[in-house]
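*Asks:* Sharing a structure, written as structure tokens. Questions coming.
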Amino acid sequence: GNSVTQMEGPVTLSEEAFLTINCTYTATGYPSLFWYVQYPGEGLQLLLKATKADDKGSNKGFEATYRKETTSFHLEKGSVQVSDSAVYFCALSMGGSEKLVFGKGTKLTVNP
Amino acid sequence: NAGVTQTPKFRVLKTGQSMTLLCAQDMNHEYMYWYRQDPGMGLRLIHYSVGEGTTAKGEVPDGYNVSRLKKQNFLLGLESAAPSQTSVYFCASNYHRLGHFPREQYFGPGTRLTVT
């Protein structure tokens, strides 16, 4: 079946550090890929997405590129801020019912 | 435009009690979903609906029932609550167009349920 594996956390960084959260997927077919973010006490919100190979999603300084050859969708940010502290989820969705399959989440804490 | 709303926000149940969680969306979305979030497990799909009057099982459907009598509402029921159902429940919806790539899902704020 379809699955997503993402980097185990927690991750703790200092402000302005470089961030990478690894995400790889297994899917039968060609999924759309997403990164969702959950701030403390809130629901999930979309951070960025990519729908086909070599697409790059970007938002709020975060980027991720859909790599079909390595089945990966790693999240990166060049300079993190304290306000980026949250839990980040990688997810995939296929056509049809468009159910999301999530990774387990990576908690990021950014210290001043 | 309220997006996706969930009622209630918090609830404590005793083992064996029943309750219904309500999800409402005002975006005219066809598809709706119920997930549960547990520590270290990410989000897991309980049930989903691809249109009014239709429902289907997700990854962890046991102990839950759902109904979608109106397009804008999706109800999740627990007939006899168990401590293993202590979790945070999220509802989500998205707009579907045949032949197009899957779109983002919009999530509600969650319902924190404790079963003692």
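The values are calculated or read from the model by the stated rules, or taken from the named source; none is laboratory data. Just so it is clear, the structure is predicted and the values come from calculations on it, not from any experiment. Calculation scope for accessible area: heavy atoms of the full protein, side chains included, ligands and nucleic acids excluded. Shrake-Rupley method; radii C 1.70, N 1.55, O 1.52, S 1.80 Å.
*Asks:* Looking at segment A:88-104, which residues lose a minimum of 50 Å² of accessible area between their chain alone and all protein chains in place, measuring with a 1.4 Å probe and not counting ligands or nucleic acids?
*Replies:* Checking the loss per residue gives A:SER97, A:GLU98, A:LYS99, A:LEU100, A:PHE102, A:LYS104.
*Asks:* As a test of reading the structure, rank A:THR20, A:THR65, A:THR70 by solvent-accessible area (1.4 Å probe, protein chains only), most first.
*Replies:* Listed by decreasing accessible area, they come as A:THR70, A:THR20, A:THR65.
*Asks:* Determine the per residue accessible area of segment B:4-59 with all protein chains present and a 1.4 angstrom probe, expressed in square angstrom.
*Replies:* 49
*Asks:* Now a separate question. Where does the Debye-calculated log10 I(q)/I(0) of segment A:35-75 sit at q = 0.18, 0.34 Å⁻¹, using only Cα point scatterers of equal weight, no solvent?
*Replies:* Computed log10 I(q)/I(0) values: -0.51, -1.13.
*Asks:* Further question on the same structure: Hull surface divided by four, with the convex hull built on the Cα atoms of segment B:38-79: how many nm²?
*Replies:* 3.3
*Asks:* Find how much the distance from B:ALA2 to B:ALA56 grows on full extension, using 0.36 nm per residue of separation minus their present alpha carbon separation; answer in nm with one decimal.
*Replies:* Contour length minus the Cα-Cα distance gives 16.9 nm.
*Asks:* Ordering A:SER32, B:SER67 by accessible area with a probe of 1.4 Å, largest first, what comes out?
*Replies:* Sorted descending by solvent-accessible area, the residues read B:SER67, A:SER32.
*Asks:* Residue-wise, which Karplus ³J(HN,Hα) couplings in Hz belong to segment A:80-87, taking 6.51 cos²θ - 1.76 cosθ + 1.60, θ = phi - 60°, and x for glycine or proline?
*Replies:* So the J values, rounded to whole Hz, are 7, 10, 4, 5, 7, 4, 4, 9.
*Asks:* What area, in nm² and to one decimal, does the C-alpha convex hull of chain B cast on average over all directions?
*Replies:* 7.1
*Asks:* Roughly speaking, to the nearest percent, how much of chain A's 1.4 Å accessible area is carbon and sulfur?
*Replies:* 48
*Asks:* Which value, in nm² and rounded to one decimal, describes the direction-averaged projected area of the C-alpha convex hull of the protein assembly as shown?
*Replies:* Directional mean of the projected Cα hull area for the protein assembly as shown stands at 12.4 nm².
*Asks:* Follow-up question, since we're still on this one. Roughly speaking, to the nearest percent, how much of chain B's 1.4 Å accessible area is carbon and sulfur?
*Replies:* So the carbon and sulfur contribution to the accessible surface is 53 percent.
*Asks:* Still on this structure, I have one more. Going by Cα centres, segment B:50-113 and segment A:1-18 are how many Å apart?
*Replies:* 27
*Asks:* Where a Cα-Cα gap under 19 Å defines reach, which aspartates and glutamates qualify for B:LYS70, not counting those fewer than 8 residues away within the same chain?
*Replies:* Hits, sequence-local ones excluded: B:ASP26, B:GLU30, B:GLU52.
*Asks:* Which value, in square angstrom to the nearest 100, describes the accessible area buried between chains B and A on both sides, using a 1.4 angstrom probe?
*Replies:* 1800
*Asks:* Counting only pairs 8 or more places apart or on different chains, how many lysine pairs in chain A have C-alpha atoms closer than 14 Å?
*Replies:* Taking the Cα cut-off of 14 Å, the pair count is 5.
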